[in-house]
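K.L.:
Following this message is one structure expressed as structure tokens.
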Amino acid sequence: MGDVDAVHAGALQPGSTMTFVERLNGPRHELALRAFMVIVLAHWAEHLLQAFQIYALGWPVPEARGGLGYFFPWLVASETLHYGYALVMLAGLWLLRSGFTGVNDRRWWTIALAIQFFHHIEHVLLQTQALLGQNFFGQPVPTSLVQLWAPRVELHLFYNTVVFIPMVVAMYFHMFPPSPETTTRKCSCAWHAGRVPAAV
């Protein structure tokens, strides 16, 4: 029996107590995963809009701030917002990981987590420079490691892509587990034959 299966079984017993993480990866996994994906997709949309503003509309990079930055430019100029999102992504990937109990879904979710961990380190460097008021590497603005070779807009669009793709693959295997896992998987995320997904 997998971790999530044990959590689901424990949830049915009277008097059983579950931790917050056990609830997220047990009876609330589907809801938690959907809420996390709303955050991921909203941030993804901001990056795509920023790229559209630069490449399709021809806006200068400092003026291309996405949707949020269009109305609140000071917010997007802050490293704190970017660091906060990187931290939320890392926390979400970590907290929801134990709900992925199959071989394939766990592997792909872990790949996304590893890439996001490095992306988070890049944001730690940026946030540190902003807090210290001292830019590293002799650059005029806060600069991350990979940003020494790639422009920031394109780099962060790339990071979000390479984190998002393994997440989608993991969710596919989680929702449509291979046949040997279908009979043992208890998570409500899995679309077993004849099952109608729960409404949000």
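All of the numbers you see were taken from the coordinates with simple rules; none came from a lab. Only a predicted model underlies this, so the values are computations on that prediction, with no experimental measurement involved. Glycine gets a Cβ as well: all are built from the backbone with ideal geometry, and neighbour counts include every protein chain shown.
K.L.:
Expressed in nm to one decimal, what extension gain is obtained for the pair Phe20 and Trp94 from 0.36 nm per residue of sequence separation less their Cα-Cα distance?
P.N.:
25.3 nm
K.L.:
Mind giving me the FRET efficiency for Leu48 and Leu131? R0 is 22 Å, r the Cβ-Cβ distance, nearest 0.05 is fine.
P.N.:
So, using R0 = 22 Å, E works out to roughly 0.15.
K.L.:
So, one more: Could you tally the net charge around Val169, taking each other residue with its Cβ under 10 Å from the Cβ of Val169, Lys/Arg +1 and Asp/Glu -1?
P.N.:
Here the count lands on 0.
K.L.:
Once the piece of chain linking Glu63 and Leu157 is laid out straight, how much longer is it, given 0.36 nm per residue of separation minus the C-alpha distance between them?
P.N.:
Gain on extension, Glu63 to Leu157, equals 32.2 nm.
K.L.:
In whole Å, what three semi-axes, largest first, describe the equivalent ellipsoid of region 88-139 built from its Cα gyration tensor (square root of 5 times each eigenvalue)?
P.N.:
Calculated on Cα positions only, the semi-axes equal 32, 10, 4 Å.
K.L.:
Give me the net charge for the shell around Val76: Cβ to Cβ below 14 angstrom, other residues only, Lys and Arg +1, Asp and Glu -1.
P.N.:
Residues close to Val76 contribute a combined charge of -1.
K.L.:
Between Arg107 and Trp191, take the C-beta separation as r, use R0 = 25 Å, and let me know the FRET efficiency to the nearest 0.05.
P.N.:
Between Arg107 and Trp191 the formula returns 0.80.
K.L.:
Quick check: residue separation of Tyr55 and Ile121 times 0.36 nm, minus the Cα distance between them. What number comes out in nm?
P.N.:
Going from the current span to full extension adds 21.0 nm.
K.L.:
Per residue Cα convex hull volume for region 20-179, in cubic angstrom?
P.N.:
With only Cα atoms used, region 20-179 gives 125 Å³ per residue.
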